[in-house]
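I have placed the structure first, in the form of structure tokens, so that the comments after it can refer back to it.
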Amino acid sequence: MTVTATATAAPRRREVHTSRPPMIAIVVAAVAIAFFAAPLVGLLLRAPWGNLWNELSAPATVEALKLSLVCSAAATVLSVAFGVPLAWVLARQQFPGRRLARALVALPMVLPPVVGGVALFLAFGRRGFIGQELDDWFGFTLPYTTLGVIVAETFVAMPFFVITVEAALRSVDHRYEEAATTLGSGRITTFRRVTLPLIAPSLVAGAALSWARALGEFGATITFAGNLPGKTQTMPLAIFLEFENGNTDGAIALSLVLVLISMAVLVGLRDRWLRA
Amino acid sequence: MLDAVIDVRLGRLHLDAVTIEAAAGTTIAIIGPNGAGKTTALRVLAGLVALERGHVNLDGTVLDEPGVRAWLEPETRPIGFVFQDLLLFPHLSVLENVAFGPRCRGARRPDARRRAAGWLERLGIDGLAGERPGALSGGQAQRVALARALATDPRLLLLDEPLSALDAGTRPSVRRDLARHLDIFAGVAVVVTHDPVEAMALADHIVVLEDGRVTQVGDAAELRERPRSAYVAEFVGVNLYRGTADGDGLVLANGARLIGGDGTVHGDALAVVHPRAVALHRTRPDGTPRNVWAGTVRHVDPEGDRARVHVDAAVPVTAEVTASSLAQLGLGEGTPVWASVKATEVAVFEA
């Protein structure tokens with residue numbers, strides 16, 4: 001015990017000396033924190049607490065919430081189903097154009113969502129070069145449908161999953177996979193029984209991040225899928241509409257629901273992903 | 001029966017026609033300096049690295065022979081591999097780790113678990129079945145890794161520095177256990193090590209690998225008597241004795257005594273004396289050395305400006321002397337001679 005105590009005492013003293021930031025930094029940091037806290041406080045101060053239940057139980061609200069949950073869940077499932085193989089290929093395979101592929105995957109993270117919506121429309125819209133084929137062959141169109149919402153949300157959300165899982169796949173010790181191979185495990189079994197469990201925390205974190213992103217999706221959705229109540233009007237769209245129409249109480253009530261869900265994701269992830 | 005000629009290039013390393021032959025039931029040690037290609041040779045046998053030329057045959061089956069385009073995927077080879085860092089799956093319990101191999105090779109889950117439990121019992125670690133690898137001590141983890149490798153009933157067992165992850169305190173007992181299991185193992189075992197004591201304790205034959213080439217093959221006595229390289233002479237060709245340690249040193253099977261060691265080892269033990277620590281005299285030395293034996297010179301091997309002199313005595317010993325002192329002493333075959341070793345030059349290890 002004494003040994004540990006003396007071993008840590010010296011560096012700690014030095015740390016105290018160098019880690020005390022100058023006053024100006026503390027002040028600026030406090031301003032920044034206030035900047036993050038103020039909107040939340042505003043929301044809570046103006047919330048129509050007495051009328052909250054009425055606002056939230058309105059049929060239109062319930063419909064928007066349901067649509068949001070269904071679409072974001074579907075987008076997450078699609079992100080995982082396509083994202084795991086994609087992340088694996090990006091992390092482990094050497095092929096020409098891999099850098100381009102990685103850039104393409106990351107693009108929706110930096111692209112303004114509304115631009116994404118326009119681009120989706122030009123590809124999958126009824127006159128789009130793929131949408132036209134879909135219409136001709138199968139007779140269905142994506143824009144202004146619930147499926148269109150899911151496609152838009154997947155487009156903006158999947159990169160979060162792929163980037164998280166790809167990083168995990170790169171950092172996983174591939175010698176565990178070799179050990180599995182020497183025990184008679186084929187590639188699929190190794191991936192399922194060794195690789196995936198080893199990166200499980202990142203799978204969960206990636207899925208949660210992409211789900212949160214899908215839940216909040218606004219720009220691409222409204223551009224690509226429109227704003228049809230019960231069909232494409234998700235929570236963020238409903239909030240915007242309420243706010244625009246001057247029904248601030250309704251907008252706040254809906255916002256509080258999303259704040260609550262976001263907080264739940266943060267708390268759920270704090271051990272896995274947000275650990276400094 | 002393992003018959004391999006390994007020829008492969010990996011970066012700067014070139015394994016140049018490295019030949020490894022071993023009969024079933026025997027253990028081969030591959031020993032050599034760092035970067036000599038020992039681990040790569042094991043990985044070739046396992047199929048984790050493919051040959052460029054040569055072949056790997058096991059019990060008449062071709063595992064890898066690029067010349068005839070023969071290749072068996074690693075997961076279908078009848079091998080067990082104990083990795084240097086053990087690589088127990090951290091997300092599986094000890095039992096599930098050991099059952100992993102049988103499961104992959106087609107056993108049903110209950111059968112695989114039963115087999116795994118049997119191996120844990122045989123290695124004396126059945127009490128750990130439910131533990132996660134992270135909770136194990138070094139010696140326990142090593143036994144689990146061995147159980148996992150043996151649970152698929154391999155015909156070729158590959159061990160990469162199997163004891164290097166252990167601290168000095170637990171190494172002897174695990175080494176003893178390992179030697180016992182290798183003794184009863186029916187297939188071929190190949191152990192990679194850089195520790196001559198480990199090699200001699202575990203293996204029947206030693207393959208010395210230096211810079212991608214085999215420089216010598218033989219048992220411990222052959223390596224000591226005729227070291228073919230400076231590395232062998234320095235690190236492998238040492239005088240090694242087996243016997244029983246008491247507080248003062250080692251008693252050999254013939255009753256002869258070797259005084260030395262730090263007195264902490266008791267029971268079955270090994271003693272190591274470097275040939276350069278052995279002094280030779282024509283008359284009985286009167287100084288202070290604690291170990292003095294009278295004998296005759298059996299053989300002299302000159303090696304550059306030094307020579308190895310093999311002395312038959314109650315404690316047979318190889319001495320390394322300079323060419324000039326060899327001439328001064330007038331040593332040749334049959335010359336009567338006195339050999340002496342200071343007690344401080346005798347290292348005693350638990351066997």
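Restrict the check to segment B:303-320 and report whether at least one residue is closer than 28 Å to B:G169 by Cα and not charged (D, E, K, R). No, there is no match, as no residue in segment B:303-320 is closer than 28 Å to B:G169 by Cα and not charged (D, E, K, R).
Per-residue answers, yes or no, for (1) over 26 Å from A:G219 (Cβ atoms); (2) modelled with pLDDT of 95 or more; (3) in the same structural domain as A:L142 (by TED's automatic domain parsing):
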| site | (1), (2), (3) |
| --- | --- |
| A:A10 | yes, no, no |
| A:P22 | yes, no, no |
| A:A34 | yes, yes, no |
| A:C71 | no, yes, yes |
| A:R99 | yes, no, yes |
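Looking at B:L88, B:L95, B:L63, just one residue is modelled with pLDDT of 95 or more, facing chain A (nearest Cβ under 9 Å) and on the phi < 0 side of the Ramachandran plot, and that residue is B:L88.
To keep it simple, each residue is scored yes or no on (1) surrounded by fewer than 22 Cβ atoms within 10 Å (Cβ to Cβ); (2) touching a residue at least 24 places away in the same chain (Cβ under 8 Å).
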| position | (1), (2) |
| --- | --- |
| B:F185 | yes, yes |
| B:A199 | no, yes |
| B:D248 | yes, no |
| B:L258 | no, yes |
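The one condition from (1) within 14 Å of chain A (Cβ to nearest Cβ); (2) within 26 Å of B:L166 (Cβ to Cβ) that B:T26 does not meet is (1). Does B:L209 fit the bill of being closer than 23 Å to B:E21 by Cβ, crowded, with 20+ Cβ neighbours inside 10 Å and within 14 Å of chain A (Cβ to nearest Cβ)? No, not satisfied. Residues of segment B:98-118 that are touching a residue at least 12 places away in the same chain (Cβ under 8 Å), within 13 Å of another protein chain (Cβ to nearest Cβ) and hydrophobic (A, V, I, L, M, F, W, C): B:V98, B:A99, B:F100, B:C104, B:A112, B:A116.
Within segment B:40-49, one or more residues are touching a Lys or Arg at 6+ places or on another chain (Cβ under 9 Å), of a type in the set (V, I, T) and within 14 Å of another protein chain (Cβ to nearest Cβ). On inspection, B:P172 fails the criterion of being assigned by TED's automatic domain parsing to the domain that holds B:G60, buried (at least 18 other Cβ atoms within 10 Å of the Cβ) and touching a Gly at 6+ places or on another chain (Cβ under 8 Å). In the set B:V348, B:V265, B:V337, only one residue is surrounded by 17 or more Cβ atoms within 10 Å (Cβ to Cβ) and at pLDDT 90 or above; that residue is B:V337. Of all the listed residues (B:S164, B:S173), the sole one being of a type in the set (S, T, Y) and closer than 26 Å to B:V44 by Cβ is B:S164.
The values are calculated or read from the model by the stated rules, or taken from the named source; none is laboratory data. Worth saying up front: this structure is predicted, and the values here are computed from it rather than measured. FYI the Cβ positions are ideal-geometry reconstructions off the backbone, even for glycines, and counts take in every protein chain you see.
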